[in-house]
Amino acid sequence: MSSLPQTWPDARGRYGEFGGCYVPETLMGPVEELNRAWQSVRHDPAFQAELSRLLKDFAGRPTPLFHAQRLSEKLGGAQIYLKREDLLHTGAHKINNCLGQGLLAQRMGKRRLVAETGAGQHGVATATVAALLGLECVVYMGEEDMARQAPNVFRMRLLGTEVVGVSAGSRTLKDAINEAMREWVTNVESTHYLLGSVLGPHPYPEMVREFHRVIGQEARRQILEVAGRLPDYLFACVGGGSNSIGLFYDFLGDASVKMVGVEAGGRSLKLGEHAARFAGGRPGVLHGTYTYMLQTDDGMVSTTHSVSAGLDYPAIGPEHAALFRAGRVEYVPASDGEALEAAKTLARTEGIIPALESAHAVAEVIKRASAMSRASIVVVNLSGRGDKDLGIFQSFG
Amino acid sequence: MSETLKSAGSERQTAPNRGATRIGIESRLEGRFRDLRKRGEKALVIYLTAGDPLLEATGKLLEAVDQGGADVIELGIPFSDPLADGPVIQRASERAVHGGATLRKVLEYLPRWRERLGAPIVLFTYFNPVLQYGLESFARDASRAGADGTLIVDLTPEEAGDYIAVMRSHHVDTVFLASPTSSDERIERLAAVSTGFLYLVSRTGVTGERQSLSAAVPPLVERARRFTDLPLAVGFGVSTPEQVKAVQALADAAVVGSAVVHAIEERYPAGGAPAVRDFVHWLKGRDSGFEHDRT
């Protein structure tokens with residue numbers, strides 16, 4: 001590696017060899033405008049003060065770090081701490097980024113937000129911020145996802161957002177991003193594309209990471225307070241990778257802290273039946289960035305499957321690709337069944353029903369915790385709550 | 001593991017800028033535009049998607065488009081996620097991908113198609129299929145197959161250094177897009193890396209038929225003219241003979257894509273290749289006795 005993870009990205013939006021900016025020419029002007037606006041606000045005290053105020057008073061930060069004693073005891077090994085992003089307004093970490101980008105869009109004079117959503121958590125958070133800031137909002141969502149996350153579709157509409165179903169391709173997150181980008185390229189003057197993960201062309205992966213870093217900054221302070229030392233392990237699920245990079249980033253310089261990103265293992269590790277990009281994927285370009293992705297030998301993007309809509313995506317954020325290549329973060333898959341089982345276990349031991357996305361991270365902790373000593377400390381990012389998944393839990397009994 | 005950006009990067013050292021060796025060798029695209037200029041004519045550029053509805057049909061359709069009067073043909077290589085394209089070309093891409101069309105197959109078939117055509121061919125695609133094929137292999141095989149130029153819609157000059165170098169070394173023209181949202185600095189840069197012609201996007205948005213020509217066209221043509229003597233082709237939303245004529249009054253070429261693909265979708269199943277030839281003839285503004293249904 002020619003540079004350290006803490007210095008990524010470089011001026012061209014590269015994380016090692018990954019990242020960059022691969023968009024049609026029409027989007028280059030808007031991307032450059034966005035980058036200038038982002039670079040001007042990221043260290044602007046007035047902007048940061050306004051964002052902090054909303055994160056605290058509107059979204060509910062800081063979120064607690066909860067010692068899951070019964071789960072830790074049941075597994076008989078590591079002490080498990082849950083970073084409770086599920087307690088945030090709108091039910092997931094997504095609101096951190098939406099408030100940041102919403103304020104930025106307002107500063108840029110944009111009157112309209114467009115976003116994609118998979119599980120609906122990003123869509124709900126975007127719709128919420130649009131309502132809060134008085135902006136118009138359109139959210140694209142795959143039709144398969146609309147069916148399996150129906151409560152979130154209703155929430156968005158109640159918030160005054162137009163939800164547009166996408167029937168192309170696999171009718172999931174990938175196709176929703178295609179449509180959102182088409183909408184953006186058509187209405188670039190008036191519209192800000194509020195991308196919901198650490199994906200897309202530069203500066204999105206950097207900007208979205210910065211808006212979620214607060215997760216790791218808080219967790220670091222909190223674990224030092226309650227345990228007096230840094231954790232041994234961090235766990236987070238990885239779809240595009242926003243909640244995981246948010247937790248990991250401020251620990252990257254601490255060599256003693258091991259990190260595990262948990263991908264969707266789906267039904268099996270056969271192409272098309274999962275969304276584990278590091279188990280069968282290889283580098284390519286999708287949605288504006290060079291990163292690991294699931295694809296055919298001919299460069300066609302593969303369809304994916306996961307029981308959790310939020311992890312059902314064929315590519316991964318470029319910074320994760322670079323952290324994988326550098327060996328700094330370990331990436332493993334958890335299957336649909338393991339995630340469902342983990343959600344049930346957490347519900348019954350701690351009284352917390354996690355989102356199916358976050359349940360993937362819990363599943364990996366359940367696999368490993370018993371083999372660790374009782375003095376070990378593990379922090380899991382509980383990125384979202386499971387209300388939206390009740391229908392799926394029901395259908396699986 | 002396929003050829004990565006990194007390995008492509010190392011090709012740059014072994015592929016010196018052959019720009020100088022091209023002086024005096026006119027590309028077929030340059031020749032075509034020079035001939036047209038000499039005759040005081042403007043070009044009609046026709047787009048179609050390879051493999052739509054099947055690869056076996058593409059040879060016949062290319063001939064039909066050529067006979068119909070296309071001066072340059074853009075041949076789209078289908079990609080699973082064509083995010084710069086509107087519904088018509090998305091449907092064509094889906095049909096083609098479903099039918100098994102890939103970059104590899106198109107390059108295999110191209111020499112046979114090519115030898116029956118008068119018009120130069122520009123391959124139009126997205127970056128990932130090219131990246132997976134390997135930049136150097138793509139340049140070599142596209143050149144051998146008789147492609148005269150290439151256009152990669154999601155590759156801008158910032159990320160295109162290696163691509164430009166390998167295409168130059170295989171004497172394939174590189175066409176780039178400029179858009180109404182491109183600054184003067186960007187247009188200058190896009191013109192500097194384009195060879196053959198510069199493609200001007202008539203409006204912000206995706207490909208697709210439109211009722212009227214965008215008001216953004218005249219100022220964009222004027223700005224581009226300040227930076228380059230390259231032929232200027234205007235596309236995105238050009239779909240009728242009237243619009244073709246209006247574009248040709250301003251620029252050197254009009255590009256018609258979605259309208260042709262739409263005609264293939266509607267007319268090829270019953271009317272075969274002649275129906276598509278007549279459609280291009282109609283776009284060309286020639287009386288072919290063809291009445292286009294405008295509904």
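The values are calculated or read from the model by the stated rules, or taken from the named source; none is laboratory data. Here the structure is a predicted model, which is why all the values come from computation and not from measurement. Here the Cβ is made from the backbone with ideal geometry for all residues, glycine too, and neighbour counts use every protein chain on show. Only protein heavy atoms, including side chains, enter the accessible area calculation; ligands, DNA and RNA are left aside. Shrake-Rupley method; radii C 1.70, N 1.55, O 1.52, S 1.80 Å.
Quick grid of which residues meet (1) within 27 Å of residue A:335 (Cα to Cα); (2) out of contact with any Ser or Thr (no Cβ under 6 Å at 6 or more places or on another chain); (3) β-branched (Val, Ile, Thr):
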| site | (1), (2), (3) |
| --- | --- |
| A:229 | no, yes, no |
| A:240 | yes, no, no |
| A:247 | yes, yes, no |
| A:254 | no, yes, no |
| A:259 | yes, yes, no |
| A:270 | yes, yes, no |
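Residue-by-condition table, conditions (1) surrounded by fewer than 22 Cβ atoms within 10 Å (Cβ to Cβ); (2) modelled with pLDDT under 95:
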| residue | (1), (2) |
| --- | --- |
| A:117 | no, no |
| A:122 | no, no |
| A:125 | no, no |
| A:128 | no, no |
| A:137 | no, no |
| A:141 | no, no |
| A:144 | yes, yes |
| A:157 | yes, no |
| A:169 | yes, yes |
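All told, residue A:226 falls short of being at negative phi, crowded, with 21+ Cβ neighbours inside 10 Å and aliphatic (A, V, I, L, M). Do we have any residue at all in the range A:54-63 that's among the polar types (S, T, N, Q) and more than 30 Å from residue A:288 (Cα to Cα)? Yes, because at least one residue in the range A:54-63 is among the polar types (S, T, N, Q) and more than 30 Å from residue A:288 (Cα to Cα). For the range B:160-185, the set of residues classified as surrounded by fewer than 22 Cβ atoms within 10 Å (Cβ to Cβ), outside any loop (DSSP other than H, G, I, E, B), within 13 Å of chain A (Cβ to nearest Cβ) and in contact (Cβ under 8 Å) with a residue 12 or more places away in the chain consists of B:161, B:162, B:184, listed by residue number. Specify which of the listed residues (B:110, B:117, B:155, B:151) is assigned to a strand (DSSP E or B) and either at pLDDT 95 or above or within 14 Å of another protein chain (Cβ to nearest Cβ) (or both). After applying the criteria, what remains is B:151. Quick check on the range A:330-339. Is at least one of its residues at pLDDT 95 or above, crowded, with 20+ Cβ neighbours inside 10 Å and among the hydroxyl-bearing types (Ser, Thr, Tyr)? Taking every residue of the range A:330-339 in turn, at least one turns out to be at pLDDT 95 or above, crowded, with 20+ Cβ neighbours inside 10 Å and among the hydroxyl-bearing types (Ser, Thr, Tyr).
Residue B:88 fulfils the conditions (1) in contact (Cβ under 8 Å) with a residue 60 or more places away in the chain; (2) over 15 Å from the mean Cα position of the chain (by Cα); (3) crowded, with 24+ Cβ neighbours inside 10 Å except for a single criterion, (3). State whether the residues of the range A:238-245 include one that is within 18 Å of the chain's Cα centre (by Cα), part of a strand (DSSP E or B) and surrounded by 23 or more Cβ atoms within 10 Å (Cβ to Cβ). Scanning the range A:238-245, I find no residue that is within 18 Å of the chain's Cα centre (by Cα), part of a strand (DSSP E or B) and surrounded by 23 or more Cβ atoms within 10 Å (Cβ to Cβ), so the answer is no. Any idea which of B:65, B:122, B:130 is within 11 Å of another protein chain (Cβ to nearest Cβ) and β-branched (Val, Ile, Thr)? Residue meeting the stated conditions: B:130. Tell me which of these residue A:233 doesn't satisfy, since it passes every other one: (1) open to solvent by 10 Å² or more (accessible area, probe 1.4 Å); (2) touching a residue at least 40 places away in the same chain (Cβ under 8 Å); (3) closer than 23 Å to residue A:17 by Cα. Here residue A:233 clears every test but (3).
Of the helices (runs of 4 or more DSSP H) lying entirely inside the range A:146-233, those containing at least 3 residues that are β-branched (Val, Ile, Thr) and within 14 Å of chain B (Cβ to nearest Cβ) span A:173-186.
Any idea how many residues of the range B:219-243 are over 26 Å from residue B:262 (Cβ atoms) and part of a helix (DSSP H, G or I)? Total meeting the criteria: 7.
Tell me which residues, restricted to the range A:133-145, are part of a strand (DSSP E or B) and more than 19 Å from the chain's Cα centre (by Cα).
Once the filter is applied, which keeps residues that are part of a strand (DSSP E or B) and more than 19 Å from the chain's Cα centre (by Cα), the range A:133-145 yields A:136, A:137, A:138.
Report whether or not residue B:206 is at the interface with another protein chain (Cβ under 10 Å from one of its Cβ atoms) and touching a residue at least 24 places away in the same chain (Cβ under 8 Å). Before the answer, list the steps.
Details: at the interface with another protein chain (Cβ under 10 Å from one of its Cβ atoms): yes; touching a residue at least 24 places away in the same chain (Cβ under 8 Å): yes.
So residue B:206 fits the description; yes.
Would you confirm whether or not the range B:259-274 contains a residue that is within 21 Å of residue A:31 (Cβ to Cβ), among the aromatic types (Phe, Trp, Tyr) and modelled with pLDDT of 95 or more? Write out each step before concluding.
In the first step, residues of the range B:259-274 are kept if they are within 21 Å of residue A:31 (Cβ to Cβ); the result is none.
No; the residues of the range B:259-274 include none that is within 21 Å of residue A:31 (Cβ to Cβ), among the aromatic types (Phe, Trp, Tyr) and modelled with pLDDT of 95 or more.
Here is a check on your reading of the model: is residue A:374 surrounded by fewer than 24 Cβ atoms within 10 Å (Cβ to Cβ) and part of a helix (DSSP H, G or I)? No, not satisfied.
Report yes if residue A:343 is touching a strand residue (DSSP E or B) at 6+ places or on another chain (Cβ under 9 Å) and modelled with pLDDT of 95 or more, otherwise no.
So residue A:343 passes the test.
For residue B:100, the conditions (1) under 18 Å from residue B:118 (Cα atoms); (2) over 17 Å from the mean Cα position of the chain (by Cα); (3) open to solvent by 10 Å² or more (accessible area, probe 1.4 Å) all hold with the exception of (1).
Mind checking whether some residue in the range B:134-146 is assigned to a loop (DSSP other than H, G, I, E, B), modelled with pLDDT of 95 or more, out of contact with any Cys (no Cβ under 7 Å at 6 or more places or on another chain) and surrounded by 23 or more Cβ atoms within 10 Å (Cβ to Cβ)? No: the range B:134-146 contains no residue that is assigned to a loop (DSSP other than H, G, I, E, B), modelled with pLDDT of 95 or more, out of contact with any Cys (no Cβ under 7 Å at 6 or more places or on another chain) and surrounded by 23 or more Cβ atoms within 10 Å (Cβ to Cβ). Just one residue in the set B:246, B:254 is under 19 Å from residue B:41 (Cα atoms) and open to solvent by less than 30 Å² (accessible area, probe 1.4 Å); that residue is B:254. Within the range B:186-218, if we keep just the residues that are part of a loop (DSSP other than H, G, I, E, B) and within 26 Å of residue B:143 (Cβ to Cβ), the residue that is most open to solvent (accessible area, probe 1.4 Å) turns out to be B:195. In this structure, residue A:332 does satisfy being in contact (Cβ under 8 Å) with a residue 40 or more places away in the chain and part of a strand (DSSP E or B).
Among the residues of the range A:92-125, just one is under 18 Å from residue A:182 (Cα atoms) and assigned to a helix (DSSP H, G or I), namely A:123.
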